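> I'd like to ask you about the structure that follows.
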Amino acid sequence: MPTNSLKILAVTSEIPWPLNSGGHLRSFYLLREISKSASLRLVVPADPSQDENVRALIEQGINVIPVPGCVRKRHTEAWKILKSIVRRESYVFYRRHYWKQVAAEIRKQIELERPDLVYFDHLDSFTYRKEIGDLPFVVDMHNVYSAISQRLANETRNPLKKAYLHHETQLIQKAEEQVAKSARSVFAVSDIEREHFRSLGATFASTIPNGVNCEQYKNNKEKPNTNSREILFVGDLSWAPNISAALFLANEVIPKVRQHSNDATLTIVGRNPVPEIQTLNNLEGVTVIPNAPEILSHYHRASVLAVPLQSGGGTRLKILEAFAASLPVVSTPVGCEGLEVVDGEHLIVSKHDEFADSLSKFVSENCLNRLQTFNALNLVEKTYDWSSVGEKLVSVLHDTPKNAP
C-alpha cells in the first residue's frame with residue numbers, strides 16, 4: 001500500500017462477523033474494499049469470546065482494534081437509559097451503543113496517528129462524535145431508522161407501544177438531522193434515502209447501495225429446482241419487520257397457497273428466531289430453520305423467495321442474493337424499495353393484501369420466468385456486486401477530505 005494512502009479511523013458497534021445479517025454483510029464488504037486502497041483502523045467493542053471473529057476479519061485484510069470490557073450490566077444500562085432521557089436521545093437505536101472504553105480507544109488512536117478521515121459505520125457509531133474533535137468524518141447510515149420506527153408505530157395496535165415508538169421516531173429523527181448537518185458526507189443505500197438525508201441538511205450525500213458477492217454464487221452454481229413448490233423466507237428472525245413478515249406468510253399466506261397446491265411448503269431461515277417464530281414449526285407445511293450455517297443450498301432448493309415486508313429500510317440484501325442465485329422473487333413494494341428493479345422484468349411486485357394470490361399463482365403454475373431471472377442476474381452482476389459498490393465508495397472517500405465542512 002502506498003505510504004501516502006488515505007488514513008481512515010473507522011468505528012462500528014459490533015464485530016461484522018460472521019456474515020449472518022445484512023448489517024454484517026454491508027459493514028464487512030465495504031470495510032474490506034476500503035482496506036485495499038487506504039490505511040484503515042477499525043475500532044470495535046469485542047470481548048475475548050469473539051477472538052475468532054476478530055481473527056477472521058484480520059485474515060480478510062481489515063486492521064481490527066478490539067476493545068474489551070464492553071459488557072452489558074443492569075446498572076450501566078440503567079445509567080445509559082437515564083442519560084438518554086436527559087439528553088433526549090434514543091436509547092435503543094443510539095445511546096445504548098456508547099461505551100467509555102471505546103471512546104477512550106478512539107482518543108488513543110487519534111493521538112497515535114491522526115487520521116485524514118473518521119468513518120462512522122451505522123447511526124449508532126455517531127454517538128462518539130465528540131471524541132474526534134475537529135476531524136472530518138463520514139457516516140454510512142445503512143437505514144433510515146426513523147422511517148422504520150414510524151412504520152412500526154403505525155402498524156402496532158398497542159397504544160403504549162405506539163406512543164413509545166412515536167417518541168423514539170422523534171428522537172431518531174433528531175440524531176439523523178445532526179448527522180446530516182455535521183458529517184462531511186453521508187452514505188445512503190438508495191437514492192430515496194439519499195434524498196431524505198439531503199432534505200435534512202446534508203450538503204454531500206451519496207448512494208452506496210447494498211451488494212452481493214456474485215463470485216460466491218458463480219463458484220456454487222447449482223441450478224434452482226424448477227420442480228420445487230417451496231416458498232423461502234430469509235431474514236433476521238429477531239427483527240420486528242421480519243417477524244411480522246414470517247408470521248404473515250405462515251398464518252395467512254401458506255394456508256391459501258396450499259388450497260391450490262397441497263404440496264406447497266414454506267421454509268423460514270434466519271438467525272435468532274423469537275419464540276413465536278419457533279412455534280411456527282407446528283403448522284402444517286411450515287419449517288423454521290434457525291441459525292443456518294449457510295444459505296446457498298436453500299436458494300437452490302426453493303422455487304421462489306417471498307419478501308412480504310411492510311416496514312423496514314435500506315435495500316434488501318436477500319433479494320440481491322436470490323437474484324445472484326437465479327431464484328425468482330415475489331415482493332411487496334416496501335420489500336424491494338430502494339432497488340433499481342422493474343416489476344415483471346426482474347421480479348414480481350405484489351400488494352400485501354394480494355400477496356397470497358400472487359404466490360399461489362406462481363407456485364401452482366410453476367411460472368418460472370427464465371427471462372426474468374436472467375434480467376435479475378444481469379442487473380446484480382453489473383450494479384450490485386460488492387467489488388463495484390466498493391470502488392464507488394473508495395472514490396467518494398478520497399474526495400471527501402476536499403469537501404467543505
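> Show me the ranking of peptides 193-205, 242-254 by mean Cβ neighbours inside 10 Å, starting with the highest. Don't skip to the end; give the middle numbers.
Values: 193-205: 18.5, 242-254: 20.7.
Ranked from most to least packed, the peptides come out as 242-254, 193-205.
> Put +1 on the Cβ of every Lys and Arg and -1 on every Asp and Glu Cβ in the chain; which of PRO159, GLN50, TYR91 then has its Cα farthest towards the positive end of the dipole?
With unit charges placed on the Cβ atoms, the residue in question is TYR91.
> Pop the C-beta distance of ILE58 and LYS382 into the FRET formula with R0 = 30 Å and round what comes out to the nearest 0.05. All intermediate terms of the calculation are to be shown ahead of the outcome.
Values: r = 32 Å, r/R0 = 1.05.
For R0 = 30 Å, the calculated efficiency reads 0.40.
> Could you give the length gained on full extension between GLN278 and ASP134, defined as 0.36 nm per residue of separation minus the Cα-Cα distance, in nm?
47.0 nm is the gain from fully extending GLN278 to ASP134.
> Among the lysines, select those whose C-alpha is under 26 Å from the C-alpha of LYS162, and discard any that sit fewer than 8 residues away in the same chain.
Within the straight-line cut-off, LYS162 pairs with LYS80, LYS83, LYS174, LYS351.
> What FRET efficiency comes out for the pair ASN154/ARG88, r = Cβ-Cβ distance, R0 = 30 Å, nearest 0.05?
0.85
> Once you have the Cα-Cα distance between LYS162 and HIS398, take 0.36 nm times their residue separation minus that, and quote the gain in nm to one decimal. Present the calculation step by step, with values, prior to reporting the outcome.
Working: separation 236, 0.36 × 236 = 84.96 nm, distance 4.29 nm.
80.7 nm is the gain from fully extending LYS162 to HIS398.
> Looking at the chain, what % of its DSSP beta bridges pair antiparallel, to the nearest 5?
On the way: 0 of 42 bridges.
Approximately 0 percent, going by the DSSP bridge assignments.
> Nothing charged except the Cβ atoms of Lys and Arg (+1) and of Asp and Glu (-1): what's the magnitude of the dipole of the chain about its Cα centre? Round to the nearest 20 debye.
Numbers: 46 positive and 46 negative charges, 231 e Å.
With only Lys, Arg, Asp and Glu charged at Cβ, the dipole is about 1100 debye.
> Could you tally the net charge around ILE208, taking each other residue with its Cβ under 10 Å from the Cβ of ILE208, Lys/Arg +1 and Asp/Glu -1? Could you put the intermediate results ahead of the total?
On the way: positive: ARG26, ARG194, LYS392; negative: ASP140.
Summing Lys/Arg as +1 and Asp/Glu as -1 gives +2.
> State, to one decimal in nm, how far the label point of LYS351 lies from the label point of ILE192, with both points 7 Å from Cα in the Cβ direction.
Using points 7 Å along Cα→Cβ, the separation is 1.7 nm.
> Here is a further query. For a label point 7 angstrom out from the Cα of SER199 toward its Cβ, which stretches of segment 331-356 have the backbone nitrogen within less than 16 Å?
Once the point is set 7 Å along Cα→Cβ of SER199, 338 turn out to lie under 16 Å by backbone N, inside segment 331-356.
> Placing +1 on the Cβ of each Lys and Arg and -1 on the Cβ of each Asp and Glu in segment 214-383, which of VAL253, GLN372, GLN278 has its Cα farthest towards the positive end of the resulting dipole?
GLN372
> Between GLN170 and ARG114, what is the label-point separation in nm under the 7 Å Cα-to-beta-carbon projection?
4.1
> To the nearest 20 debye, what is the magnitude of the charge dipole of segment 290-379 about its Cα centre, counting +1 on the Cβ of each Lys and Arg and -1 on the Cβ of each Asp and Glu? It would help to have the intermediate numbers written out before the result.
On the way: 6 positive and 10 negative charges, 45 e Å.
It works out to roughly 220 debye.
> Turning to a different aspect of this structure: If you place +1 on the Cβ of every Lys and Arg and -1 on the Cβ of every Asp and Glu, how big does the dipole about the Cα centre of segment 214-383 come out, in debye to the nearest 20?
Details: 14 positive and 19 negative charges, 67 e Å.
My answer is approximately 320 debye.
Read the figures in this text as sums done on the coordinates, not as results from a lab. These numbers come from a predicted model, not from an experiment. Neighbour counts run over all protein chains shown; Cβ positions are idealised from the backbone, glycine included.
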